[in-house]
Structure formats: C-alpha cells, structure tokens
Amino acid sequence: MPPKAITSYFKPAAPAAAPLSSTRRTKATLSNAARAAILSSADAEPSPSKRAKLSTAAPVDGTSLARAESRDDLRKVLEAHPGTAKLLQLELDTLGEDWLLALQDELTKPYFLKLKQYVMSEQETKKVFPPAEDIYSWSRLCPLKDVRIIVVGQDPYHDDGQAHGLAFSVKKGVKIPPSLRNIYKQMATEVPGFVTPTHGDLTEWAKHGVLLLNTSLTVRAHQAGSHANQGWEQFTAAVLRVVTDRLASADETPGANGVVIMAWGAHAAKMIAGLNTKRHHVLKSAHPSPLSASRGFFGNNHFTKANEWLQERYTVEGVIDWKSLGA
C-alpha cells in the first residue's frame, strides 16, 4: 500500500531558508559544484512574506511573477511571458504538481532558464538520457507530501534504455547495474524475507515514499558527467531543501516530523552538507559501487535503521515495507 501522506502526522509549516552563516561554515567541505549550488540557492532565498507574493527571479523578459496556487494558475501567469513559458513547458507538463508549486520560484531563476536552454539544445542535436518525459518521473511517482526517505544519486545512467528518472533504477528488461546489485545484496542480508528482484526497476520504491534523486537530471549518451556543472546541482539542492526546510519548524512533539536521508558515498555527503538536517535522520556510508561497497556499504544496516527511526516518529504505519519491494 502507498504510504500515508507524511503531512497527515503534523501541521505543515511554512518553508524557511537555512541560515546563510551555517551554509558558509560548510563550504570548505564541499565540491565546487555542490558549494556553488547550495550557496547560490541560500543567498537567493526570499523571506516568507516576499515569497508569498512574488517569484524570487525574473523570467526572460525581466518581470517578476505572481505566485501560483495550482498548475493551471502557473500556466496562466506564464501566458504573459511566452519566452519563459516555452522554456518551462516540460516542467509545466511533467513535474508532479506539489513539487511544481513548491519549486516554482526556482524554475524562473536565471540559472535554471539558462540550464533549460542548454538541455533543450542538447536534446535537439544529441542523444540525451533519460527521455524528456522521464526527467521528472521522481516527482510524479513520489509526491512531496509522501517523502519519507531520500536517496541521493549522482548522474543518470548513460547507456541506451537505462535511465528513467530514478536514481539507481533501470527499466525492466535492462541488466541490473552493479551498484543496484549490491544494494539488493545488502537488503537481502538485513531485511527478513526479502527476495532479490530479477529486475532493476525501483518504481515501487518511489511509490512508497522513497525519493530517488540524482544530482544531475540529464546526461549525454555514453558520456558520464556530461551535463554536470550546468545548473542541475543548484536545482537538485533546492529540491532537497524543499523537503528538509518544509519540516524544519514543525511541531515540537516527538514523532511529529522528519525524513531519513541516505547519503551513500562522498558525493552524496557533500550534496547534503548545507541542508538543515536538525529534524531529520542522516545515514552515511560508502557508495554501493563495486569499488567501494566492501569499504562500508555492506553491513551499514541503513534499511533497518531507517525503519527504526521512522517508527519512533510515525508509528509502525510510517515505516517502509522493504520486504514487499523485493521479488
């Protein structure tokens, strides 16, 4: 069964920006891309009162946008800005609605519009993965209101037929990648009754509240990292911040809020370094790739630890039934 909306356990709070001072204190530990993404996002964050009235960034023609309350409202707002509307057509059509509304300010910032110009140009002249309609599948399969666990990936798979918008996941019929095989191996050792699937499609994970988010959302075919440092890092930092900050000021009652963040490998650890994780449970380990899995991923017991933490805060109804996500 899909999870109860995590917001059903508490009164939702207005999102709040992470303090800039704490973000700056972390900058020495970040990669250049992650540091630029998080600092740029934090510097541009508006006050709640300003956010309620206007977008924080100008569209192509330089005019601020009124904040929309639905997908249709946003379409209407953008009718007066056809250049911006054209660039954001994919987002308007395929981002899950609660994500679209939470990220609408981010979508009209200059860096994101520049990123869209770049990606659209790449799609016109080269083969780009995942297919356009799958770039935001994570948002449709895992609504913002249902997120209980975040798994941070890096780059989409870059071979034919693999990437479909979920970190670590491949479509059914595609050979299971080595990192996912190791994830399954760890699950089989710590989740009673888990049977390793014969496929690598993690769609059901997403439907059960696991946000499988890559740092870059597109890649040129057969060229790993080819779309890195173009702006995706700043956008996905904002996606992560939407999840963590929307719960940051929730009720103080034990069990009232929080998500689990699984950061596997140095890249994931750097990407979450600037987030407000005070009310969340961060689990770090080595990456599940064959090169590093034996150096701390195997035996991390993250799936068990995640459920123990979630049960404390949301009762048994809030845990992930990992066994049901097996074969």
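Net charge around Ala293, counting only other residues with Cβ within less than 10 Å of its Cβ (Lys, Arg = +1; Asp, Glu = -1)? Local net charge: +3.
Here the extension length gained between Glu97 and Gln223 equals 42.2 nm, from 0.36 nm per residue of separation less the Cα-Cα distance. Under the shape rule built on the C-alpha gyration tensor, where the axes satisfy a ≥ b ≥ c, the stretch 157-306 is oblate, since a/c reaches at least 1.5 while a/b does not exceed b/c. The residues Asp159, Asp105, when put in order of fewest to most other Cβ atoms within 10 Å, stand as Asp159, Asp105.
Phi angles across the stretch 183-199 convert, under the Karplus curve 6.51 cos²θ - 1.76 cosθ + 1.60 with θ = phi - 60°, into 3J(HN,Hα) values of 4, 4, 4, 5, 4, 5, 7, 10, 9, x, x, 6, 10, 4, x, 8, 9 Hz, Gly and Pro given as x. Projected over all directions and averaged, the alpha-carbon convex hull of the stretch 67-164 occupies 6.9 nm². Among the lysines of the stretch 79-131, pairs that are 8 or more positions apart or on different chains and have alpha carbons within less than 17 Å of each other number 5.
Magnitude of the charge dipole for the stretch 65-221, about its Cα centre and with charges confined to Cβ atoms of Lys, Arg (+1) and Asp, Glu (-1), is about 320 debye. Each label point was placed 7 Å from the Cα along the Cα-to-Cβ direction; for Val282 and Thr315 their separation is 3.1 nm. The distance from the alpha carbon centre of the stretch 96-133 to that of the stretch 148-210 is 24 Å, rounded to a whole number.
Arranged from fewest to most other beta-carbon atoms within 10 Å of their beta carbon, Glu91, Glu190 become Glu190, Glu91. Exposure proxy for Asp93, Asp245: other Cβ atoms within 10 Å of each Cβ, ordered fewest to most, give Asp93, Asp245. Here the relative contact order of the stretch 122-265, from alpha carbon pairs under 8 Å that lie six or more residues apart, stands at 33 percent.
Going by amide H atoms built from the backbone, whose H comes under 5 Å of the H on Val260, apart from near neighbours? Residues meeting the amide H criterion: Ile149, Ile150, His281. Once the Cβ-Cβ distance of His199 and Asp159 is raised to the sixth power relative to R0 = 22 Å, the FRET efficiency obtained is 0.85. Under 19 Å from a label point set 7 Å out along the Cα-to-Cβ vector of Arg181, the amide N atoms of the stretch 201-241 belong to 201-202. Multiplying the residue separation of Thr304 and Arg75 by 0.36 nm and subtracting their alpha-carbon distance yields 78.2 nm.
A short reminder: the numbers here are calculations on the coordinates, not readings from a lab. Just so it is clear, the model here is predicted, and its values are computed rather than measured. We place every Cβ from the backbone using ideal geometry, glycine too, and count neighbours over all the protein chains shown.
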